[in-house]
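Undergrad: Starting off with a structure, shown below.
The values are calculated or read from the model by the stated rules, or taken from the named source; none is laboratory data. Being a predicted model, the structure only gives us computed values, none of them experimental. Cβ placement follows ideal geometry from the backbone for every residue including glycine, while neighbour counts extend to all protein chains displayed.
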Ligand code: SAM
């Protein structure tokens, strides 16, 4: 199957089934980032049906992706899509809760796109699997503009979830080891990287 056709088919499927996949400008930004930074080895947390994993793997033939999904139906759909894209030799799919998944492998990009309530746990757990100069990218950091907004009219569950996301943003902003830049793309993207030295602030220029 032609990959452009497959990608359009996945977008339609996700739309019809209400499966959250990256927004178009978000996936374009991510693919461009992978290309510009010559990323080769990616860990993705939150595969859904394989849309972002396939898009990232298509950037270059020497890219490998390990992607984790806990929902069995989505996992099965992702296996099918990855096979149709002829990328099963470069994309490894793991059916598991990411917090139960352990590996000694090092990645030059860790892409966090799973349960927002667990962002902090994902970051802390998987930063051990990041190469020294690698990046951690977090998607949906704006949560449709709800982060740091007036929450009085929202349900208790939603308020709690947004509270956790705000804690995560504070954690990134105040992190001594990692420097983070926020991008107003898609639903908001954060890119974190280890500080080159202790004097580097969150406002200083990258590289
Ligand atoms: N990255 C995908 C894309 O753009 O094509 C979209 C991922 S979707 C936003 C988030 C997915 O993460 C859901 O399919 C959900 O089942 C999965 N998920 C949430 N929490 C998880 C966890 N703790 N471990 C593994 N998967 C998780």
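Undergrad: Identify the residue in region 68-81 that is buried (at least 18 other Cβ atoms within 10 Å of the Cβ) and within 18 Å of the chain's Cα centre (by Cα) and, among all such residues, is farthest from residue 3 (Cα to Cα).
TA: Taking region 68-81 first, the residues buried (at least 18 other Cβ atoms within 10 Å of the Cβ) are 68-70, 74-75, 77-79, 81.
Imposing the further condition that a residue be within 18 Å of the chain's Cα centre (by Cα) reduces the set to 68-70, 74-75, 78.
Numbers: 68: 22, 69: 22, 70: 25, 74: 19, 75: 19, 78: 14 Å.
Residue satisfying both the conditions and the ranking: 70.
Undergrad: Another one. Within region 128-159, can you find the residues that are in a helix (DSSP H, G or I) and within 16 Å of the ligand (Cβ to nearest atom)?
TA: Narrowing region 128-159 to residues in a helix (DSSP H, G or I): 128-129, 156-159.
The answer is 129, 157.
Undergrad: Run residue 84 past the list (1) more than 27 Å from residue 129 (Cα to Cα); (2) more than 14 Å from the ligand (Cβ to nearest atom); (3) surrounded by fewer than 17 Cβ atoms within 10 Å (Cβ to Cβ) and report the number of the one that doesn't hold.
TA: (3)
Undergrad: Taking residue 102 as the residue in question, decide whether it is in a loop (DSSP other than H, G, I, E, B) and either closer than 28 Å to residue 128 by Cβ or without any contact (Cβ under 8 Å) to a residue 24 or more places away in the chain (or both). It would help to see each step written out before you state the result.
TA: Numbers: in a loop (DSSP other than H, G, I, E, B): yes; either closer than 28 Å to residue 128 by Cβ or without any contact (Cβ under 8 Å) to a residue 24 or more places away in the chain (or both): yes.
It is true that residue 102 is in a loop (DSSP other than H, G, I, E, B) and either closer than 28 Å to residue 128 by Cβ or without any contact (Cβ under 8 Å) to a residue 24 or more places away in the chain (or both).
Undergrad: Which of the residues belonging to region 1-27 are more than 12 Å from the ligand (Cβ to nearest atom) and either assigned to a helix (DSSP H, G or I) or surrounded by 15 or more Cβ atoms within 10 Å (Cβ to Cβ) (or both)?
TA: Those that are more than 12 Å from the ligand (Cβ to nearest atom) and either assigned to a helix (DSSP H, G or I) or surrounded by 15 or more Cβ atoms within 10 Å (Cβ to Cβ) (or both): 3, 4, 5, 6, 8, 9, 12, 15, 16, 25.
Undergrad: Any residue that is buried (at least 21 other Cβ atoms within 10 Å of the Cβ) and farther than 24 Å from residue 28 by Cα - is there at least one of those in region 98-109?
TA: So in region 98-109, the residues buried (at least 21 other Cβ atoms within 10 Å of the Cβ) come out as 98, 107, 109.
Right, trim to farther than 24 Å from residue 28 by Cα and you get 98.
Yes - at least one qualifying residue is present in region 98-109.
Undergrad: Looking only at region 129-147, decide whether some residue is surrounded by fewer than 20 Cβ atoms within 10 Å (Cβ to Cβ), farther than 16 Å from residue 44 by Cα and modelled with pLDDT of 95 or more.
TA: Checked against the condition, which is being surrounded by fewer than 20 Cβ atoms within 10 Å (Cβ to Cβ), farther than 16 Å from residue 44 by Cα and modelled with pLDDT of 95 or more, region 129-147 yields at least one hit.
Undergrad: Still on this structure: Identify the single condition in (1) at positive phi; (2) within 14 Å of the chain's Cα centre (by Cα); (3) surrounded by fewer than 21 Cβ atoms within 10 Å (Cβ to Cβ) that residue 38 does not satisfy, given that it satisfies every other one.
TA: Unmet condition: (2).
Undergrad: Hey, can you tell me all the residues within region 46-71 that are near the ligand (Cβ under 7 Å from one of its atoms), under 16 Å from residue 84 (Cβ atoms) and in a loop (DSSP other than H, G, I, E, B)?
TA: 47, 48, 49, 50 - these are the residues of region 46-71 that are near the ligand (Cβ under 7 Å from one of its atoms), under 16 Å from residue 84 (Cβ atoms) and in a loop (DSSP other than H, G, I, E, B).
Undergrad: Does region 110-123 include one or more residues that are part of a helix (DSSP H, G or I) and more than 13 Å from the ligand (Cβ to nearest atom)?
TA: Checked region 110-123: no residue is part of a helix (DSSP H, G or I) and more than 13 Å from the ligand (Cβ to nearest atom).
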